[in-house]
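Student: First the structure, which I've put down as structure tokens, then a few questions once you've had a look.
Values quoted throughout were computed directly from the atomic coordinates according to the rules given, and no laboratory measurement underlies them. Note that the structure is predicted; figures quoted are calculated from it, not measured. Heads up, the Cβs are rebuilt from the backbone with ideal geometry, glycines too, and the neighbour counts pull from every protein chain shown.
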Amino acid sequence: TLEGQRHFVRNLIGFYVIMEGIFFYSGFAMILSLHNRNLMTGIGEQFQYIMRDETIHLNFGIDVINSIKAENPDIWTLAFQEEILAMINEAVELEIAYAKACLPNGILGLSADMFDDYVRHIADRRLERIGLAACYHTKNPFPWMSEAIDLGKEKNFFETRVTEYQTAASLEW
């Protein structure tokens, strides 16, 4: 049925677009911002590998969603698009509230406002990828996140050695 197909696509969007494509990325940005400052580089490198895998999952999910839409255009009604947009808007608001709880006063050059912009920026990218118009139009405050996604694939993380922990005691908050 059309409603069954919509239910399936709604769940795919909740899992791939919202959870893996929005919620995970703001968490990645928090940890990778430290890595970007040459702090916690071992953990940051592991997060880069995890983010690379999640990006593959995100791309797969969006391809599945768009394939289902192409094969079943009757499911993609204006009302359903508005429902999906409302889901993504709610996810954005939840993630912004999470950033404000994590960074109420900012830390190490990061602020909740930066994460507000970042979450809205990546939500726009996700909306566009599933055929909806961007609605937030914010600038990406973390352009280095794009570089982290493109992590070189020739390195074997099992063969790396962490040597950065000797400087952990010098971190000033």
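Student: Can you give the FRET efficiency for Ile43 and Leu132, using 1/(1 + (r/R0)^6), R0 = 41 Å, r = Cβ-Cβ distance, to the nearest 0.05?
Tutor: Once rounded, the FRET efficiency stands at 0.75.
Student: I would also like to ask the following. How much of the pair distance distribution for the range 2-150 lies past 19 Å, counting alpha-carbon pairs only, in percent? Before the final figure, lay out the partial values.
Tutor: Values: 5866 of 11026 pairs.
When all Cα pairs of the range 2-150 are counted, 53 percent exceed 19 Å.
Student: In nanometres, what is the gap between the two model label sites at Asn105 and Leu85, each 7 Å from Cα along Cα-to-Cβ?
Tutor: Taking the two extended label points, one gets 4.0 nm.
Student: Given the Cα-Cα distance of Phe15 and Leu94 and 0.36 nm per residue of separation, how much length would full extension add, in nm?
Tutor: Details: separation 79, 0.36 × 79 = 28.44 nm, distance 1.51 nm.
Gain in length upon complete extension: 26.9 nm.
Student: Could I ask something else about it? Nothing charged except the Cβ atoms of Lys and Arg (+1) and of Asp and Glu (-1): what's the magnitude of the dipole of the range 1-105 about its Cα centre? Round to the nearest 20 debye.
Tutor: Computed charge dipole of the range 1-105: roughly 340 debye.
Student: Something else about it: Quick one: order Leu103, Leu2 by neighbouring beta-carbon count within 10 Å, fewest to most.
Tutor: Details: Leu103 17, Leu2 11.
So the residues, fewest neighbours to most, are Leu2, Leu103.
Student: Can you tell me the FRET efficiency between Ala70 and Asp113 if r is taken as the Cβ-Cβ distance and R0 is 35 Å, rounded to the nearest 0.05?
Tutor: Efficiency at R0 = 35 Å is approximately 0.35.
Student: Report the Cα centroid-to-centroid distance between the range 1-72 and the range 111-140 in angstrom, as an integer.
Tutor: When both Cα centres are located, 14 Å separates them.
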